[in-house]
Amino acid sequence: DNCLYGDLAIVDSHLTETLPTHIIASSGLDALCHAVEAFWNNRSNQFSDAMALYAIKSIFDNLPGAYNGDRENRQEMGIAACIAGLAFNVTRTTVCHAISYGLTAVYGIDHGTACTLTLVPFLKYNLPVIKAKLDQAAHYCGLESAENLVSQVSDLITRLNMPTKLRQFDIKMKDLEPIAKASMQVGSIKLNPKEIEYDDLLQI
């Protein structure tokens, strides 16, 4: 509904000055998930791709500095997050977000972290069917190939001291089937570029 759309956005880095670094990392990587999921999305178009590419590069360029408290980097991150939001407003999100909802609701994992936990695995999963498109994103970001882009995302997550395994939240093997079953029921999972079967998701 139109009432869900703001009339304007105030993007002001001063409002981030007292945020813990974990929230800077988590919200910044959530914005990266927004951009990447919009870019690989089955519903993507030239407009969403343009916004997603801008956001991906800007996040690579500015999130490490924002994490370390640089005000200019934080201002640029705010703009990048806003543009990433515009990109996925065109497309919706895909599998990383589909999995995240249960992780947050049941296990209390904050949203950005919950999305980021599966970003690299699904970049690798989707790579065979969208390599040309991820190569385009890599070249835009000054990288050689899609594989370099995946490495860049992985390195960024590590630099920001973000968790990468469910076991870090004391989630057990017996919990994985309910997580996978719930994730398969989220409609946006169908917008992933490579079809996802239950067994694939459970394995990841």
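Applying the criteria of a DSSP loop state and at most 14 other Cβ atoms within 10 Å to the trypsin sites (Lys or Arg not before Pro) of segment 68-100 yields no site.
Using a probe radius of 1.4 angstrom, the carbon and sulfur fraction of the accessible surface of the chain is 53%. Based on every Cα atom in the chain, Rg and the maximum pairwise Cα distance Dmax equal 16.3, 46 Å. Quarter the surface of the alpha carbon convex hull of segment 97-204 and you get the mean projected area, 6.9 square nanometres.
The listed residues His14, His34, His111, His97, once ranked by accessible area (1.4 Å probe) with the largest placed first, stand as His14, His111, His34, His97. Between Asp155 and Leu8, the FRET efficiency estimated from the beta carbon spacing at R0 = 45 angstrom works out to 0.80. Loop-located GluC sites (Glu not before Pro) in segment 2-87 (DSSP state not H, G, I, E or B) with no more than 15 neighbouring Cβ atoms inside 10 Å: Glu17. When restricted to Cα atoms, segment 1-110 yields an Rg and a Dmax of 14.2, 38 Å, respectively.
Ordered by packing density, taken as the mean number of other Cβ atoms within 10 Å over each peptide's residues, highest first, how do 187-197, 165-175 rank? Show your work: numbers first, answer last.
On the way: 187-197: 16.3, 165-175: 11.4.
Ranked from most to least packed, the peptides come out as 187-197, 165-175.
Accessible surface computed residue by residue for the chain, with neighbouring protein chains in place and a 1.4 Å probe, gives 52 Å² per residue.
Report the number of Lys pairs in segment 114-196 whose alpha-carbons are under 15 Å apart, with separation of 8 or more residues or on distinct chains.
Details: Lys124/Lys133; Lys124/Lys194; Lys131/Lys194; Lys133/Lys194; Lys181/Lys190.
So the count of such lysine pairs works out to 5.
The values are calculated or read from the model by the stated rules, or taken from the named source; none is laboratory data. The structure presented is a predicted model; accordingly, all values stated were derived computationally and were not measured. Quick reminder, even Gly has a Cβ in these numbers, built from the backbone with ideal geometry, and neighbours come from all protein chains shown. Keep in mind that these areas ignore ligands, DNA and RNA; they rest on the heavy atoms of the full protein, side chains included. Shrake-Rupley method; radii C 1.70, N 1.55, O 1.52, S 1.80 Å.
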